[in-house]
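Just below is one structure, and these are the notes that go with it.
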Amino acid sequence: MQQFRFECQPGCTNCCQSEGDVHLREEDMARAAAFLNMTAELFEARYIVRMEEGAQLRMAGAHCPFLEARGCAIHSVKPTQCRLYPFWPEIVETRQAWHRTAKSCPGIGKGPWIQIEDAVRIASEMKKIS
């Protein structure tokens, strides 16, 4: 049975600094707005772009608007996509993709063992939001 090791490393923000879109569920937006003591409407006006395929964070240049020098400003309520990293379908479906991602993610290869079936199940959550 194939296994992966992963544990997010304190202080690392590499995944937050890579280019790409952050797709959001409605509950992601509600949690973040409440955490920031904002109305859902103000949060959406300030941080969300509605696309045909759903809601996305409005990026600050190429980076997440919540990325600060000390890390994620909304870490405890971060979006589902962020919480699931690196268990995204495009990363866990092949060994090559996992090893390629390990070059920029210091948490890969550390921490507890995770069964490949569990990683794929977690990655299936991503398919629901992207």
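Taken together, the values in this text are just the output of simple stated rules run on the coordinates, not laboratory data. Note that the coordinates shown come from a computational prediction; the quantities given were computed from them, not determined experimentally. For neighbour counting, all protein chains shown are included, and Cβ atoms are generated from backbone atoms with ideal geometry for every residue, glycine included.
Descriptive notes on the structure:
- In region 79-89, the qualifying residues are those that are free of Cβ contacts under 8 Å to residues at least 40 places away in the same chain and not aromatic (Phe, Trp, Tyr), and the one that is surrounded by the fewest Cβ atoms within 10 Å (Cβ to Cβ) is Arg83.
- Taken over region 1-59, the criterion of being of a type in the set (Phe, Trp, Tyr) and without any contact (Cβ under 8 Å) to a residue 60 or more places away in the chain is satisfied by Phe35, Phe43, Tyr47.
- Helices (runs of 4 or more DSSP H) fully within region 1-72 that include at least 2 residues being within 29 Å of Val120 (Cβ to Cβ) and among the polar types (S, T, N, Q): 14-17.
- Yes/no for Ser124 being assigned to a loop (DSSP other than H, G, I, E, B) and either closer than 21 Å to Glu19 by Cβ or small (Gly, Ala, Ser) (or both): no
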